[in-house]
Structures are given as C-alpha cells and as structure tokens.
1. From the backbone phi of region A:29-41, what are the Karplus-calculated ³J(HN,Hα) couplings (6.51 cos²θ - 1.76 cosθ + 1.60, θ = phi - 60°) in whole Hz, Gly and Pro given as x?
2. Determine the shielding of peptide A:110-119 by partner chains: average, over its residues, the number of Cβ atoms on other chains within 10 angstrom of each Cβ.
3. With the cut-off at 27 Å, tell me which of the pairs A:LYS18/A:LYS87; A:LYS114/B:LYS175; A:LYS55/B:LYS13; A:LYS150/B:LYS90 have Cα atoms farther apart than that.
4. At 222 nm, what helix-only mean residue ellipticity would chain B give, in deg cm²/dmol to the nearest 500, using -39500 (n - 2.57) for each DSSP H run of four or more?
5. Taking 0.36 nm per residue of separation and subtracting the Cα-Cα distance, what length does fully extending B:GLN79 through B:LYS146 add?
6. Classify the protein assembly as shown: rounded, prolate or oblate, from the alpha-carbon gyration tensor (a ≥ b ≥ c, eigenvalue square roots; a/c under 1.5 rounded; otherwise prolate if a/b is larger than b/c)?
7. Using a label position 7 Å from Cα in the Cα→Cβ direction, what is the ascending list of nm distances from B:LYS140 to the same site in the other copies?
8. Once you average over the residues of B:146-154, how many Cβ atoms of partner chains fall within 10 Å of each Cβ?
Number of protein chains: 2
Amino acid sequence: MSKIISVKNESKKETISKISAKLFRKKGFSATSMRELAVDIGVEASSLYNHIGSKSELLQIICFKVANDFINQINELEQIEIGVTIKLEKIIRFHIHKMLEDYDMVYVANHEWKHLQEPFLKNFLNQRKLYENKLIELIKIGISEKSIKKLNPQVLAFTILSAVRGLEFWQQHKKNIDIEELEKTMVTQLLTGIIK
Amino acid sequence: MSKIISVKNESKKETISKISAKLFRKKGFSATSMRELAVDIGVEASSLYNHIGSKSELLQIICFKVANDFINQINELEQIEIGVTIKLEKIIRFHIHKMLEDYDMVYVANHEWKHLQEPFLKNFLNQRKLYENKLIELIKIGISEKSIKKLNPQVLAFTILSAVRGLEFWQQHKKNIDIEELEKTMVTQLLTGIIK
DNA sequence: TTACAAAACTAACGCTTATTCGTTTTTAAT
DNA sequence: ATTAAAAACGAATAAGCGTTAGTTTTGTAA
C-alpha cells in the first residue's frame, strides 16, 4: 500500500531510526510497539523487518550515534590548545546545541539506554564513563593550573553533565527563550555561579 | 505458601510500593511485570490484588509521595524568614538528602511519571510546575534584592533542578564520596561557580 | 517485455501481559 | 471450637507483543 519515504540521502534505516527515536522519547522504549512505529512510518509492522534487524537494533543505533557524537567532540577539543575554562564553555555550548538539534535521540540515549542488550549495554556505559573521565581530567588540569576552584572534580563534572542533560526541559519552553541567552546564562551560572 | 512481610507500622500497600519502586527504577515501569514484582515480594501475582488496585496505582503512589514531599518542604521554607541564598542552599541540600534516602522513589518519580494515566498525569505535571514556579519566584526575589545576578530566573531555576536531579549518578559512586563534601561542593558550584 | 530483487502485504506463531474468578488456606476474634 | 474476614492460591481470560513465513506488489535494469 504505502511506502517508506526517505528525505535527502537518508537510508530507510536512518529514517526508521529517527521516527523511532521520537516515539521512544514520547512513550519510552518498552511501551512503544513495533505496530505503533509502523503506523507512524506508514507501513505494516512486518515490513519494517526488511530494513532493520530488530526493535533492539533501533535503540542501539540511537544510543551509539549520540555517544559517538559526544566522544568525537571532546576528542577534537583535546587537540586544540586553548584554556581549560574556554574548553568547558565549548563543551557546555555543544551540549546545548546537540540537545536542541537532536532532541529525540539525545533524550533516548540519556533515558532509555538501560534497555540495551548485552554486550551493547556494557559498551555504552563504557563510552559514557570514558566521556565523564575526560571531563574530570580537564577539570583536574584547571584546578592544578589554579583557574578552577579546588573542589571535588568528580562532583563538579557530574554537576555540569546533569545540568546540561536537564536541557530536555527547554524543549517545551523553547519558544519562550532565546538560545543565545540560554547558553550565556548556563555558562555563567555553571562557571561563575549565581551570587553577585 | 508465602506471605507478605511488612516491617514496622508499614501497611502491606506501602511495602509493595517500596519494592515496586526498586523494580521500576531498575527495569522501568513498562518493562516490570506484576509477576516479577510478585517474586520479589514472595507471593503469587494474583495475590497482590488483595492489597492494590492495579499496577498503575503503584506508580501513582510513588510519584505523588515524592511530589508531596518536595512541595511540603518548599512550603515550609516559604514561612521561614531567612535570606534567599540560604533558602536556595537549604533546597539544594534537601534534594541531596531526599535523593540519597528515598533513591528508588525519587528516581521513579523523575523518570517514569510519563506512564501515569490521566487525570494523574496532568495532576503530577501541575504539581511539578508549581514547585518550579515557587523556585523561580524565590530567585526573582533574590535578583530584586541584588543578592543574585541579573540572569534569566527560569534558566537559573531549571539548571539547579537539573543538577540536583542528576544526583542519581551518585548512588553508584556513593561509597567513593563523603556526603558532606558532596553537598558543600554542589552548593558552592551552583551558587558561586567553579572559577576562581 | 522480461527478469530479478527490493519491499510491501496478510496471516500466523508462540509468548507475555495485567487482571479476574472461584476456591482454599490462614489469621484473628468470639 | 466456631466463625468471619483477610489473604493466599491456581487457572483462565483477552489482548498485545516481537517476529517469521509465505506471497504479492513494486521498482529497476537488461
């Protein structure tokens, strides 16, 4: 009857992944059925299996796409020779952009990763830990350079990550706020605090 | 065969709620079956229905217990006459304590609320919005009193809430860190920043 | 036009789900 | 010891799940 429509150079697998990401975000991975996904794509559920291996594979694609994007960004940043605080600012701004651009996928990677099957689950958590450790190392350098306060670097890193992760909030209030103001406010708050 | 064991003055409903919170946190609401819950309680699935109305009711109990605890705390705080920044510090510390004490329930309320059925879903979101607005109002007072930087109060509030929500992280690393140091670091970071 | 592959369809599989029913066991009060 | 209520049980229900199989339609290239 119908047919899977792919825009641009997107493969049909990518199309299905993106639409599944939207559904997984809205309803959760477990509560989303392949039949629901099929409806949103405009095809019968069984037809999906001409393009994907399993429901689980969709979650894998989403989670590792996001993980790789963040790892790649922080790797590139490591090469550049700029101050630690500027690097932190760039990281915060990257999180904000990613969250606003690839909202569904980032949200799913943050919230639904626990439904990954082994060995992907372990793999994903390793990637995340790797990212966290790179951020912690960066903060430690800042502390030793005396550009950052001597506080527990792990707590500092996790607080930053939590704060940017919470940008999900803003998807609802997107219209009410200017992105540049959002970035400026968050960077200021996380780096220099809120007290005058 | 077996029997539901309740400690202290806990009703059996409360016992079931707490154990379900642990399961909902670990596996997610949708991915947790009543049969699994029954195993953890030591009873057949059908026996649970002598004490609860439905699986959904368990989620309601958890979400509104948490929501009420937070609303009550901020209401009490409104009565007390202390400075805005001290109030903020108390709020942050309360979040930290709650997260460490009632980890499962707070986690579930934060992550699984979307599986609430109407009208409970709307009700819960209203409660949450109420809490957010109270925090925003507090920050606005701080800004007008010039104790807080003139930044977007909504962004400041949401960043704080996101950061404390991210305390889930620490459940895994609990052993590695002293709670007082955790509190001190987060309060310092969120209120006065990380840059020297 | 023919031929082949890609992708759609319908139907069904085996399994799990939350919940209900009728019955039996346990608990507690008389 | 008798009785009534509370709480357990096993079995069954209907619905939904991911996925597979077999078949038909569609698209493409010779």
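Every read-out reported here was derived from the displayed coordinates using simple, explicitly stated rules and does not represent laboratory data. Bear in mind that the values here come from a model prediction, so they are computed numbers and not experimental data. All Cβ positions, glycine included, derive from the backbone under ideal geometry; neighbour counts span all protein chains shown.
1. With the stated coefficients, region A:29-41 comes to 4, 5, 8, 9, 9, 4, 5, 5, 4, 4, 4, 5, 8 Hz.
2. Values: counts 0, 4, 2, 0, 6, 4, 0, 0, 0, 0.
Averaged over the peptide's residues, the number is 2.
3. On the way: A:LYS18/A:LYS87 30 Å; A:LYS114/B:LYS175 22 Å; A:LYS55/B:LYS13 35 Å; A:LYS150/B:LYS90 23 Å.
Violating the 27 Å Cα-Cα cut-off are A:LYS18/A:LYS87; A:LYS55/B:LYS13.
4. Numbers: 10 runs with 138 residues, N = 196.
Rounded to the nearest 500, it is -22500 deg cm²/dmol.
5. Taking B:GLN79 through B:LYS146 to full extension adds about 22.0 nm, to one decimal.
6. Values: a/c = 1.71, a/b = 1.14, b/c = 1.50.
Judged from the Cα gyration tensor, the protein assembly as shown comes out oblate (a/c at least 1.5, b/c at or above a/b).
7. In nanometres, ordered from closest: 4.5.
8. Numbers: counts 1, 3, 4, 8, 1, 7, 9, 2, 7.
Average neighbour count from other chains, rounded to a whole number: 5.
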